[in-house]
Amino acid sequence: WSWFWTTLVREEGGPVFDLLAVLSAIKPQLVRTEARSAHLDPDGNLLASKQSSPGKPRVQFCTAMHPTAKEFVLRRLQRCPAES
């Protein structure tokens, strides 16, 4: 993954997808969420509505992150795997 972004895209690094979900699981105190109703609009975009909708699944939607969340993630990504 790193090779692709540094060699082909020519960036210093690349996006870490689903990082917010991982952060919510391992350090939930760094993320504030609220329950919302999820559904797809006609174009296939996922929407999370504050209004409850019968038959629509409820999801946890991130509304804020603690100011130290970025530092926590960067420290963990820079650690050697043997240190985890």
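The values are calculated or read from the model by the stated rules, or taken from the named source; none is laboratory data. What you are looking at is a predicted structure, and each value in this text was computed from that prediction instead of being measured. FYI the Cβ positions are ideal-geometry reconstructions off the backbone, even for glycines, and counts take in every protein chain you see. These accessible areas exclude ligands, DNA and RNA; they are computed on the full protein's heavy atoms, side chains included. Shrake-Rupley method; radii C 1.70, N 1.55, O 1.52, S 1.80 Å.
Here are a few things to note about the model shown:
- Measuring r between the beta carbons of Lys70 and Val9 and using R0 = 25 Å, the FRET efficiency lands at 0.70.
- Within the chain, helix-based [θ] at 222 nm, where runs of 4 or more DSSP H residues each add -39,500 (n - 2.57), nearest 500: -6000 deg cm²/dmol
- Residue-normalised accessible area of the chain, expressed per residue, 1.4 Å probe, Å²: 82
- Between the exposed loop cleavage positions of the chain, defined as GluC sites (Glu not before Pro) in a non-H, G, I, E, B DSSP state with at most 14 neighbouring beta-carbon atoms within 10 angstrom, the longest gap is 13-84.
- Gly14 long-range amide H proximity, modeled H, under 5 Å: none
- Other-chain or far-sequence residues with amide H under 5 Å of Val31's (modelled H): His66
- Applied to the range 48-65, the Karplus parametrisation 6.51 cos²θ - 1.76 cosθ + 1.60 on θ = phi - 60° returns per-residue 3J(HN,Hα) values of 10, 8, 6, 7, 5, 10, x, x, 9, x, 8, 10, 8, 10, 6, 10, 6, 10 Hz, with x for Gly and Pro.
- Ellipsoid semi-axes in whole angstrom, largest first, where each is sqrt(5λ) of the Cα gyration tensor of the chain: 31, 19, 10
- Largest first, the residues Val16, Val31 sort by 1.4 Å accessible area into Val16, Val31.
- Loop sites by DSSP among the trypsin sites (Lys or Arg not before Pro) of the chain, restricted to those with at most 14 other Cβ atoms within 10 angstrom, leave 11-49 as the longest stretch without any of them.
- Of all accessible heavy-atom area on the chain, the percent that carbon and sulfur account for (1.4 Å): 57
- Across the range 5-13, coupling constants 3J(HN,Hα) worked out from phi with the 6.51/-1.76/1.60 Karplus curve, θ = phi - 60°, read 6, 7, 8, 7, 7, 6, 10, 6, x Hz, and Gly and Pro carry x.
- Magnitude of the charge dipole, the chain, Cβ model with Lys/Arg +1 and Asp/Glu -1, debye to 20: 320
- Partner aspartates and glutamates for Lys27 [C-alpha distance under 16 Å; skip if fewer than 8 residues away on the same chain]: Asp18, Glu71
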